[in-house]
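Undergrad: One structure coming up, written as structure tokens, with questions to follow.
Quick note: the coordinates plus some simple rules give every number you see, no bench work behind them. Note that this is a predicted model, so its numbers are computed, not measured. Counting neighbours? That spans all protein chains shown, and the Cβs are built from the backbone with ideal geometry, glycine included.
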Amino acid sequence: MTSIAARFSINTDDPFNALRAGILGTVVTPDHPDYEEARQVVSIAVDRHPAAIVRCAGTEDVAFTVRFARERGIEIAPRSGAHSGLGHSSIDDAIVIDMGGMRGINIDPVSRTAVVQPGVTSEDLAGPAAAYGLALTTGDTGSVGIGGLTVGGGIGWMARKYGLTIDNLLAATVVTAEGEILRTSVEEHPDLFWAIRGGGGNFGIITDFTFQLAPNGMVHGGVIVLPATPEVLRGYLDYAPEAVDDLTTISFLMAAPPAPFIPEDRIGEIVLLVGVTWTGALDDVAARDAALAPIRALATPIADTVEAIPYPVMFVYTAEGTKRHGAAIRTMFGDDLEDAQIEAVIEAMKAASSPFNMIQIRGMGGAIARVPADATAFAHRDARIMLTVLGIWYDPEDDGATHRAWASSLWEQLAPASRGAYVNFLQDDAEERLPEAYRGVLERLRSVKAQYDPENVFHYNANVRPK
Ligand SMILES: Cc1cc2nc3c(=O)[nH]c(=O)nc-3n(C[C@H](O)[C@H](O)[C@H](O)COP(=O)(O)OP(=O)(O)OC[C@H]3O[C@@H](n4cnc5c(N)ncnc54)[C@H](O)[C@@H]3O)c2cc1C
């Protein structure tokens, strides 16, 4: 007589059956029709074959999967929005704990808080929050996952007014390396709560975040596009970190894109595209213009689109970043650039390895700098600027070598100005620059790591080894 297992083509020897039976979500192994799609991540440079991608439905699924993997000695790679610059969103032979489908958002307009699952993206949250007149400062690009973004800090469009994403985090649920579920806040497991705010994915898997929202469903936002001269760059570097808190800018030294606001004869010219968010009173256009005047005075703008917009519209300006791409990244926190370094970044852009390369400069300061240095594990509150070199390509046939060489060569000239590195923008330099990324907090992070993950189960990150 044929067994039931044989009649229904059930492989009773499949070690993942116990996982399938234990969770609500889906276990995607190589024989599953979704496997090819599920192993894809945002980076086209990552082409890995995990043992399984576990599409978790909730916290219990994550905890069960951690225990399952650990009992069998299988590596674990947590994934939320799949944008890892380190290439860790997919790992050969590991179990990818995929929280990309955990996209619940629960907004309480009275307390102005939101409970958000890790697969929620910046733009997922921005829309519903704006409907209540609220917003969370996250990152500059809509598709990035709250999970990975938050654990590194989260530096976004309203950072100078409301600080980093972690500065608005009230509590989180964490699945530990033992598969336990812990609630963390300044009152509960405060050491763990300190570490997950800037220490990366080293300490556990966060399955929900409770955030304080800001009353900024609407902002004045847009771009001011300026010619990329040394004087413009110098003026921007001097002003951006010193502006009033209501003005956050993220600037892109780049080839002017074929956007409707760029005059046709300027497309392709190297420009400084200053992305602007003004969070002051919506009807106080005079205050907004006073804050923007020093930027507008740097040169005759090629374009100026700043106007009152729903906050989610800011993500339209960075929509290119949501497409699958390869990126060669070098990043720094610092105070300023020497004149020769300003010349170097402009010259490097003129000789870019790809038309999509860019150098991103952010004015820090404001609310970021006012949070006490020891309140969170983010170590760069005193930086005036953040600069990131990005060699970008979209062709899957491109192996990225020329773009990596371009980024490394420019970096040699910029490195002397660096006194810190953003953990969310580290790449093949992660190991070497770990002390810079966790400047002054590494030993404390290592103690927390020893307490919550002594066997370094969570090591697909800018890895903090246990003390
Ligand atoms: C186009 C683009 C634009 C960006 N812009 C910004 C920006 O403006 N500001 C900014 O701050 N950052 C920015 N980043 C960096 C971004 O924050 C990091 O790449 C981040 O790690 C991505 O998170 P993710 O969830 O999408 O990626 P994933 O690949 O899913 O996660 C990355 C890593 O984060 C950890 N992790 C993920 N989820 C969890 C979780 N739930 N619990 C614990 N650890 C977890 C893991 O170590 C994982 O390997 C940008 C990245 C890209 C690609």
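Undergrad: Which one of W278, A351, G326 has its Cα pushed farthest toward the positive end of the charge dipole of segment 228-386, where Lys and Arg give +1 and Asp and Glu give -1 at the Cβ?
TA: With unit charges placed on the Cβ atoms, the residue in question is G326.
Undergrad: Also, quick follow-up: Mean shadow of segment 285-333, computed from the convex hull of its alpha carbons, in nm²?
TA: 5.9 nm²
Undergrad: Just tell me which lysines come within less than 24 Å, Cα to Cα, of K467; anything on the same chain fewer than 8 places away is out.
TA: Cα-Cα hits under 24 Å: K449.
Undergrad: How big is the charge dipole of segment 142-257 about its Cα centre, in debye rounded to the nearest 20, if each Lys and Arg gets +1 on its Cβ and each Asp and Glu gets -1 on its Cβ?
TA: Values: 5 positive and 12 negative charges, 67 e Å.
Result for segment 142-257 is approximately 320 debye, rounded to the nearest 20.
Undergrad: Another question, if that's okay. Would you give the gap between the C-alpha center of segment 393-423 and the C-alpha center of segment 122-165, rounded to a whole Å?
TA: Computed from Cα coordinates, the inter-centre distance equals 26 Å.
Undergrad: So if I place +1 on the C-beta of Lys and Arg and -1 on the C-beta of Asp and Glu, and nothing else carries charge, what would the dipole magnitude of segment 227-329 be about its Cα centre? I want it in debye, nearest 20. Show your work: numbers first, answer last.
TA: Working: 6 positive and 14 negative charges, 89 e Å.
That gives segment 227-329 a dipole magnitude of about 420 debye.
Undergrad: Need one word for segment 337-467: rounded, prolate or oblate. Basis is the Cα gyration tensor (sqrt eigenvalues a ≥ b ≥ c); a/c below 1.5 gives rounded, then a/b vs b/c decides. Mind dumping the intermediate values first?
TA: Details: a/c = 2.62, a/b = 1.47, b/c = 1.78.
Oblate.
Undergrad: Quick one: check the C-alpha center-to-center distance for segment 443-467 versus segment 40-65, whole angstrom.
TA: Cα centres, segment 443-467 to segment 40-65: 21 Å.
Undergrad: Enter the Cα centre distance for the pair segment 209-259 and segment 357-388, rounded to the nearest angstrom.
TA: Cα centroid to Cα centroid, the span is 14 Å.
Undergrad: Size of segment 105-215 along its principal axes in angstrom, Cα-based, largest extent first?
TA: Here the spans come out as 39, 26, 23 Å, largest first.
Undergrad: Still on this structure, please answer the following. By the scheme Lys and Arg +1, Asp and Glu -1, what is the net charge of all other residues having a beta-carbon under 9 Å from that of M364?
TA: On the way: positive: R160, R362, R381, R384; negative: D382.
For residues surrounding M364, the net value is +3.
Undergrad: Using a simple charge model, +1 on the beta-carbon of Lys and Arg, -1 on the beta-carbon of Asp and Glu, nothing else, what dipole does the chain show about its Cα centre, in debye to the nearest 20? Show your work: numbers first, answer last.
TA: Working: 36 positive and 60 negative charges, 161 e Å.
For this selection, approximately 780 debye.
Undergrad: Taking only the alpha-carbon positions of segment 18-98 and ignoring solvent, what does the Debye formula give for the base-10 log of I(q)/I(0) at q = 0.24 Å⁻¹?
TA: Taking Cα atoms of segment 18-98 as identical point scatterers yields -1.16.
Undergrad: Name the residues whose placed amide hydrogens come within less than 5 Å of the amide hydrogen of V28, ignoring near sequence neighbours (fewer than 5 apart) on the same chain.
TA: I53, V54, R55
Undergrad: If you take all C-alpha pairs in segment 219-435, what percent of them are over 24 Å apart?
TA: On the way: 10128 of 23436 pairs.
The calculated P(r) of segment 219-435 puts 43 percent of pairs beyond 24 Å.
Undergrad: Give me the tail of P(r) for the chain as a percent: Cα-Cα pairs with distance above 32 Å.
TA: Details: 41673 of 108811 pairs.
When every Cα pair of the chain is considered, 38 percent fall beyond 32 Å.
Undergrad: A follow-up question, please. Enumerate the lysines that K323 could reach by cross-link, defined here as Cα to Cα under 26 Å, with residues fewer than 8 away along the same chain left out.
TA: Filter leaves K350.
Undergrad: Right, something else. For every other residue with a beta carbon closer than 14 angstrom to the beta carbon of I107, add +1 if it is Lys or Arg and -1 if Asp or Glu, then tell me the sum.
TA: -1
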